[in-house]
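Structure, as structure tokens:
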Amino acid sequence: MKTITLLTISNIFMTFAWYGHLKFKGSPLWKVILISWLIAFVEYCFQVPANRVGHGSFSAAQLKVIQEVITLVVFAVFSIFYLQEGIRWNYIIAFTLIIAASFFMFHKW
């Protein structure tokens, strides 16, 4: 659970670093890049330990799939509430397919 928590915190910071500036299109690009890099530094402070802690319990491929699922969930919430964008039917299908990929990644064959 520690890995999932750290990855979730990491992804929240990552989402703001990558997409938070979209609400501030009038800001100079150099400021946006600098602030994004500072936020990304904090993101790495959670991402790297999450992978270190989790690698004993999960394979690297499993860690990547976990991170992608968390990223999509965080981004969906972010885009709806922060960017005020809606979710469309094709987004739901894409998310469903990624969740299906998670099933295959973690299923014991």
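The values are calculated or read from the model by the stated rules, or taken from the named source; none is laboratory data. Quick caveat, the model's predicted, so the values are computed rather than measured. So basically every Cβ, Gly included, is an ideal-geometry build from the backbone, and we count neighbours across all protein chains shown. With ligands, DNA and RNA removed, areas are computed over all heavy atoms of the protein, side chains included. Shrake-Rupley method; radii C 1.70, N 1.55, O 1.52, S 1.80 Å.
Here Val48 fulfils each of the conditions (1) at pLDDT 95 or above; (2) open to solvent by less than 50 Å² (accessible area, probe 1.4 Å) apart from (2).
Among the residues of region 7-37, how many are in a helix (DSSP H, G or I) and either surrounded by 12 or more Cβ atoms within 10 Å (Cβ to Cβ) or of a type in the set (Lys, Arg) (or both)? So that I can check it myself, show each step before the final result.
Keep residues of region 7-37 that are in a helix (DSSP H, G or I), which gives 7-23, 29-37.
Still in the list and also either surrounded by 12 or more Cβ atoms within 10 Å (Cβ to Cβ) or of a type in the set (Lys, Arg) (or both): 7-23, 31-32, 35-36.
Result for region 7-37: 21.
Being assigned to a loop (DSSP other than H, G, I, E, B) and either closer than 13 Å to Met1 by Cα or without any contact (Cβ under 8 Å) to a residue 12 or more places away in the chain (or both) is the filter here; which residues of region 41-84 pass it? Steps first, please.
At the first step, the residues of region 41-84 found to be assigned to a loop (DSSP other than H, G, I, E, B) are 55-59, 82-84.
His55, Gly56, Ser57, Phe58, Ser59, Gln84, listed by residue number.
When we screen Ala40, Ala50, Ala60 for residues that are of a type in the set (Gly, Ala, Ser) and either farther than 25 Å from His107 by Cα or within 11 Å of the chain's Cα centre (by Cα) (or both), the only hit is Ala40.
I'm told Ile87 meets every condition in (1) part of a helix (DSSP H, G or I); (2) free of Cβ contacts under 8 Å to residues at least 60 places away in the same chain; (3) open to solvent by less than 70 Å² (accessible area, probe 1.4 Å) except one. Can you identify the failing condition by its number? Among (1) part of a helix (DSSP H, G or I); (2) free of Cβ contacts under 8 Å to residues at least 60 places away in the same chain; (3) open to solvent by less than 70 Å² (accessible area, probe 1.4 Å), the lone unmet condition for Ile87 is (1).
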